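Notes follow the structure.
What follows is calculated from the coordinates using simple rules that are stated; it is not laboratory data. Owing to the predicted nature of the structure, the values given are computational and were not obtained by experimental measurement.
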Amino acid sequence: MSAFRLAGLLRLRALAEEQAAVELAGATRARDAAVARRVATEEAIGAAAFPVGTNATALRAVIASRLALSGLLVEQRALTVAAQTVVDDKDAEWSAARTRTRTLEKLEERHVTTERDADQRAEQLVLDEIAGRRGGSRPTLPGEDA
């Protein structure tokens, strides 16, 4: 059986696919962290209530903190969108790498099948030749009368 000529390239493509998968996983973790920070900020804004019976200074402090949280929320929403864009890009890269690898895997499978079929044909030719030399009779088994 001959070796698959593109085996080295297949290994290289498989490594590239694994690298793309690692980068996709990292981007997904970063996006999930950005989403978690955004959700925490949204919850903090929702929990920030005006205290009852406070003076004007305390009221201004609450308003200032809500404004700061709102600005932070806008920034975190933008970061979440940017992180999702990175995930989408990394997913496309991984998909392309997977397609390139799968193409070579199919070629390798076809090569293995072709080689196996050729080996089976050669074996059958040898068996046919052996049977032809014996005059087409089947071999006698031990314990049978010849």
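Some points to look at:
- Relative contact order, percent, the range 33-102 [alpha-carbon distance under 8 Å, six or more residues apart]: 43 percent
- Rounded to the nearest 10 degrees, the inclination of helix 7-47 to the longest alpha-carbon principal axis of the chain is 20 degrees.
- Put simply, the C-alpha atoms of the range 7-133 give a gyration tensor, and the ellipsoid matching it has half-axes of 67, 12, 7 Å, longest first.
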